[in-house]
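Chemist: I'd like to ask some things about the structure below.
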Amino acid sequence: PITPSASAPHVVITAGPTREALDPVRYLSNHSSGKMGYALAAEAAAQGARVTLISGPVNLPTPQGVERLNVETAVQMHTAALELAPQAALFIGCAAVADYRAANAAEHKLKKTDDQDTLTLTLVKNPDIIADVAALPDGQRPFVVGFAAETQDIERYAQDKLARKGLDMIVANDVSQQGLGFGSDDNAALLLWRTSDGSDRLVAPPQPKTQLAALIVRHALTHLSLTSSG
Ligand code: C5P
């Protein structure tokens with residue numbers, strides 16, 4: 001195993017879904033497998049970084065040499081991310097964070113009743129973790145890489161997300177393509193990053209997530225070393 005040196009960059013990665021309780025036995029979540037985030041963590045560790053993986057509930061082993069912090073909810077992931085990010089050189093937000101959570105999770109199991117055919121849940125917005133990391137003040141702000149899962153107009157939506165969330169780089173993928181993205185072992189992506197005079201791009205064709213992870217980490221670490229004063 002590779003032991004990171006004291007001067008190794010600290011990389012913080014969020015991965016997997018979040019789970020938002022509705023009552024003690026039910027929750028809102030999504031189909032994120034965590035594979036892409038775990039592949040990024042394994043790759044960053046293999047490239048010599050010190051890696052902390054903030055993980056939602058997934059069925060994956062912790063990659064070798066990676067420190068893993070388990071969380072369930074978006075609010076827990078937000079707390080962990082904002083605690084770790086100010087000391088990190090690179091932050092990669094790969095988690096599929098639930099946009100909303102129950103306004104008031106029920107203390108006891110919700111019961112169905114014979115006279116009610118509908119049930120209305122009130123949801124409130126979760127914090128945007130990566131946007132809050134990207135908004136950290138200079139000196140505490142890591143290089144920030146986000147993901148965008150889109151089904152149409154990939155480049156336009158990704159550019160918009162890059163600007164709106166204040167990211168340095170975004171990895172956009174088309175989740176409507178069969179056999180790619182969610183739950184699959186393969187992915188294709190468009191990498192967009194900011195330059196002094198606009199933005200630049202790289203098209204990564206369909207390939208195993210492990211291979212794509214290597215490309216993303218290499219890119220991020222290169223841009224990080226170009227932008228940091230050392
Ligand atoms: O807005 P959208 O969910 O499409 O943005 C995706 C990117 O933002 C991913 O990098 C994801 O990890 C991050 N995100 C976040 N916190 C949220 C929502 C998304 O960090 N509440």
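Chemist: Run down Thr73, Thr52 and say which single residue is of a type in the set (S, T, N, Q) and touching a helix residue (DSSP H, G or I) at 6+ places or on another chain (Cβ under 8 Å).
Modeler: Of the residues listed, the single one that is of a type in the set (S, T, N, Q) and touching a helix residue (DSSP H, G or I) at 6+ places or on another chain (Cβ under 8 Å) is Thr52.
Chemist: From the list Gly34, Gly93, exactly one residue is within 16 Å of the ligand (Cβ to nearest atom), within 17 Å of Val133 (Cα to Cα) and small (Gly, Ala, Ser). Which is it? I'd like the intermediate steps shown before the answer.
Modeler: Values: Gly34 fails: within 17 Å of Val133 (Cα to Cα).
After ruling out the rest, the residue left standing is Gly93.
Chemist: A further question on this structure: Among the residues of the stretch 156-211, write down those that are closer than 23 Å to Ser225 by Cβ and at pLDDT below 90.
Modeler: Thr195, Ser196, Asp197, Gly198, Ser199
Chemist: Answer yes or no as to whether Gly146 is at positive phi and surrounded by 17 or more Cβ atoms within 10 Å (Cβ to Cβ). Reasoning before the result, please.
Modeler: Values: at positive phi: no; surrounded by 17 or more Cβ atoms within 10 Å (Cβ to Cβ): yes.
Criteria not met by Gly146.
Chemist: Is it true that Glu150 is in contact with a strand residue (DSSP E or B) (Cβ under 9 Å, 6 or more places away or on another chain), among the charged types (D, E, K, R) and away from the ligand (no atom under 13 Å from the Cβ)? Before you say what the answer is, go through the steps one by one.
Modeler: On the way: in contact with a strand residue (DSSP E or B) (Cβ under 9 Å, 6 or more places away or on another chain): yes; among the charged types (D, E, K, R): yes; away from the ligand (no atom under 13 Å from the Cβ): no.
Criteria not met by Glu150.
Chemist: Can you name the condition, by its number, that Glu107 falls short on among (1) within 13 Å of the ligand (Cβ to nearest atom); (2) farther than 22 Å from Arg194 by Cβ; (3) not aliphatic (A, V, I, L, M)?
Modeler: (1)
Chemist: Which of the residues spanning the stretch 73-90 are touching a strand residue (DSSP E or B) at 6+ places or on another chain (Cβ under 8 Å) and within 15 Å of the ligand (Cβ to nearest atom)?
Modeler: Applying the first criterion (touching a strand residue (DSSP E or B) at 6+ places or on another chain (Cβ under 8 Å)) to the stretch 73-90 yields 73-75, 77, 80-81, 84-85, 87-90.
Passing the criteria: Thr73, Ala74, Val75, Met77, Ala80, Ala81, Leu84, Ala85, Ala88, Leu90.
Chemist: Could I ask something else about it? List pairs: first residue in the stretch 84-100 and more than 16 Å from Glu43 (Cα to Cα) and touching a residue at least 60 places away in the same chain (Cβ under 8 Å), second residue small (Gly, Ala, Ser) and near the ligand (Cβ under 7 Å from one of its atoms) anywhere in the structure, Cβ distance under 8 angstrom, at least six positions apart or on different chains.
Modeler: From the stretch 84-100, the pairs are Ala96/Ala149; Val97/Ala74; Ala98/Ala74.
Chemist: Among the residues of the stretch 126-142, count how many are open to solvent by 20 Å² or more (accessible area, probe 1.4 Å) and more than 9 Å from the ligand (Cβ to nearest atom).
Modeler: So the count comes out to 7.
Chemist: Continuing with the same structure: Restricting the stretch 202-214 to residues that are open to solvent by 40 Å² or more (accessible area, probe 1.4 Å) and free of Cβ contacts under 8 Å to residues at least 40 places away in the same chain, which is nearest to Phe143 (Cα to Cα)? Break it down into steps so the answer makes sense when it comes.
Modeler: Initial filter on the stretch 202-214 (open to solvent by 40 Å² or more (accessible area, probe 1.4 Å)): 202-203, 205-206, 208, 210-211.
Filter again for free of Cβ contacts under 8 Å to residues at least 40 places away in the same chain, leaving 202-203, 205-206, 208, 211.
Numbers: Leu202: 18, Val203: 21, Pro205: 24, Pro206: 26, Pro208: 25, Gln211: 21 Å.
Filtering first and then ranking leaves Leu202.
Chemist: Quickly run through the stretch 5-29 and pick out the residues that are of a type outside the set (Val, Ile, Thr), in contact with a strand residue (DSSP E or B) (Cβ under 8 Å, 6 or more places away or on another chain) and at pLDDT 95 or above. Explain how you work it out, then say what you get.
Modeler: At the first step, the residues of the stretch 5-29 found to be of a type outside the set (Val, Ile, Thr) are 5-10, 15-17, 19-24, 26-29.
Next cut, in contact with a strand residue (DSSP E or B) (Cβ under 8 Å, 6 or more places away or on another chain) only: 8-10, 15-17, 19-22, 27-29.
Within the stretch 5-29, His10, Ala15, Gly16, Pro17, Arg19, Glu20, Ala21, Leu22, Tyr27, Leu28, Ser29 qualify.
The values are calculated or read from the model by the stated rules, or taken from the named source; none is laboratory data. Because the structure is a prediction, the values reported are computed rather than measured. A quick note on method: Cβ atoms are made from the backbone with ideal geometry, for glycine too, and the neighbour counts reach across all protein chains shown. These accessible areas exclude ligands, DNA and RNA; they are computed on the full protein's heavy atoms, side chains included. Shrake-Rupley method; radii C 1.70, N 1.55, O 1.52, S 1.80 Å.
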